[in-house]
1. Within the stretch 208-231, can you find the residues that are part of a helix (DSSP H, G or I) and farther than 30 Å from PHE172 by Cα?
2. Output yes when any residue across the stretch 292-309 is in contact with a strand residue (DSSP E or B) (Cβ under 8 Å, 6 or more places away or on another chain) and not in a loop (DSSP other than H, G, I, E, B), and no when none is.
3. Of all residues being without any contact (Cβ under 8 Å) to a residue 40 or more places away in the chain and of a type in the set (D, E, K, R) in the stretch 366-381, which is surrounded by the most Cβ atoms within 10 Å (Cβ to Cβ)? Just the residue, please.
4. Write out, first by first residue and then by second, each pair whose Cβ atoms fall under 9 Å of each other, whose residues are 6+ apart or on separate chains, and whose first residue, in the stretch 68-82, is among the aliphatic types (A, V, I, L, M) while the second is at pLDDT below 95.
5. Looking at the stretch 60-102, which of its residues are among the aliphatic types (A, V, I, L, M) and either under 19 Å from MET1 (Cβ atoms) or assigned to a strand (DSSP E or B) (or both)?
6. Could you check how many residues of the stretch 333-359 are more than 18 Å from THR409 (Cβ to Cβ), in contact with a strand residue (DSSP E or B) (Cβ under 9 Å, 6 or more places away or on another chain) and in a loop (DSSP other than H, G, I, E, B)?
7. Return the residues of the stretch 319-351 that are surrounded by 19 or more Cβ atoms within 10 Å (Cβ to Cβ) and aliphatic (A, V, I, L, M); say none if nothing qualifies.
8. Applying the selection to the stretch 197-217, what residues are among the charged types (D, E, K, R) and either at pLDDT below 95 or over 23 Å from the mean Cα position of the chain (by Cα) (or both)?
Amino acid sequence: MNSLIPDALLSALTLDGRYKNYPQSAPALPAVGLKPRGWRLLDDDLPYPMAVLSEAALRHNLAWMQRYADDRGVLLAPHGKTSLSPQLFGLQLQAGAWGLTFATVYQASVGVAAGARRVIIANQVLADADLDGLRALLDRHPDLRLWFLVDSIEQLKLIEDWAVRRAVSQAFDVLLEVGIPGKRTGCRSLEEALTLARALAASRAVRLGGIECYEGGAAICDNEHDSREVTDLVRRVLSIAQACDQEGLLAEEQILLTAGGSAVFDLVLPLLQAQGLSRPVRGILRSGCYITHDHGNYQRFLRLLEQREGLADSLQGALTVWALVQSVPEPGLALLSAGRRDLSYDLEMPVPLQLARRGVRSLPEAQPVPADWRVDALNDHHAYLRFDPAGTVPVVGDRVALGISHPCTTFDKWRWMPVVDEQGQIVSAISTHF
């Protein structure tokens with residue numbers, strides 16, 4: 001089977017000792033030369049800790065999510081802030097993604113450089129420097145379409161003031177954001193949204209293309225609650241879209257309706273598949289974490305989605321952090337060589353998954369860890385692994401694979417990650433640009 005990441009996506013990446021977990025004894029190496037080098041995950045060729053991507057799981061997740069969107073007649077614009085990796089962006093676009101989503105103008109510039117020509121900034125843009133940057137990005141790429149979010153008259157006035165001071169006549173494409181009371185950004189009511197939509201439609205500084213929401217703030221991983229709360233949000237967004245459509249406030253030939261989390265994306269399909277408007281709807285799903293999934297928060301949400309949709313064999317955890325057992329100072333406690341600088345901890349502690357004893361060289365030979373093993377604390381460079389001293393005991397020099405919860409906050413701790421095949425050979429790499 002051909003390598004998942006083609007050489008063209010690796011051509012700009014050269015690795016050397018300035019990258020964390022690259023061997024200090026090795027010469028600088030173009031990423032395309034990693035596979036011929038013959039390094040293997042469990043040969044200790046690279047120092048620990050090591051954040052690793054499974055090529056097989058990445059391949060599976062890319063195909064599964066694109067097929068899910070295609071089968072339901074919606075478009076996919078994955079949220080790029082998950083990985084901020086040009087190589088992964090390239091794979092998502094090659095797999096069929098309509099575009100990419102970002103949170104900042106800087107992040108959008110990384111995506112555009114990676115080839116994206118449809119971009120949603122799922123955030124408010126209003127500072128002079130960001131508006132300047134956005135205008136420069138659009139001027140450099142005449143074929144680029146880019147939308148950002150507006151949720152207040154105050155923000156619109158700042159954009160209009162910038163346009164006057166900069167003597168800019170080209171309008172920005174924008175989406176009106178609908179929010180949830182007590183949660184993040186977005187208009188809270190139909191009246192507020194319609195007032196803003198009228199102002200956007202009358203402005204020369206912007207062009208209103210559609211309506212946006214983020215449903216993740218409504219979900220708590222409870223089927224009954226999540227279905228009720230997200231359905232309520234979808235109904236509010238649809239009523240706003242219908243009112244805007246009836247008043248002729250939307251400028252696009254196709255109305256953009258977009259939602260985007262990685263947890264309950266099935267529950268927003270009625271919005272993205274909306275019927276009954278005067279123009280066709282372009283429904284855009286912005287899930288981002290699907291590309292690696294995880295072993296905690298999103299895994300639990302996905303189990304509920306599988307139940308609701310009658311699915312099996314859905315997303316797989318593709319990202320792990322391998323750490324070394326560096327000390328077993330007392331019965332029941334081992335210290336691993338990975339900590340807050342290396343893996344996610346914002347939602348919950350990492351999950352021990354596999355144990356590779358000294359001498360184990362092939363990834364399939366690694367064994368599942370006992371059910372009682374758990375990480376209950378982290379320092380900057382240490383993980384506290386608790387275990388039953390009467391059961392399987394980790395030994396200094398063993399290797400332990402840690403699953404993570406919320407991949408976004410593991411990606412941002414690494415400037416590169418090796419990609420490994422099912423045997424554990426390093427076959428490729430990705431870089432990140434946080």
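The values are calculated or read from the model by the stated rules, or taken from the named source; none is laboratory data. Keep in mind the model is a prediction, meaning the values are calculated, not measured. Positions of Cβ are generated from backbone atoms using ideal geometry, with glycine treated the same way; all protein chains shown enter the neighbour counts.
1. Scanning the stretch 208-231 gives ASN223, GLU224, HIS225, ASP226, SER227, ARG228, GLU229, THR231.
2. Within the stretch 292-309, none of the residues are in contact with a strand residue (DSSP E or B) (Cβ under 8 Å, 6 or more places away or on another chain) and not in a loop (DSSP other than H, G, I, E, B).
3. For the stretch 366-381, the residue satisfying everything is ARG374.
4. Close Cβ pairs (under 9 Å, with a partner that is at pLDDT below 95) amount to ALA77/GLY260.
5. First, the residues of the stretch 60-102 that are among the aliphatic types (A, V, I, L, M): 62-63, 65, 69, 74-77, 84, 88, 91, 93, 95, 97, 100.
Once the filter is applied, which keeps residues that are among the aliphatic types (A, V, I, L, M) and either under 19 Å from MET1 (Cβ atoms) or assigned to a strand (DSSP E or B) (or both), the stretch 60-102 yields LEU62, ALA63, LEU75, LEU76, LEU88, LEU91, ALA95, LEU100.
6. Adding up the residues that qualify gives 3.
7. Once the filter is applied, which keeps residues that are surrounded by 19 or more Cβ atoms within 10 Å (Cβ to Cβ) and aliphatic (A, V, I, L, M), the stretch 319-351 yields LEU319, VAL321, ALA323, LEU324, VAL325, ALA334, LEU335, LEU336, ALA338, LEU343, MET349, VAL351.
8. Initial filter on the stretch 197-217 (among the charged types (D, E, K, R)): 198, 204, 207, 212, 215.
Correct list: ARG198, ARG204, ARG207.
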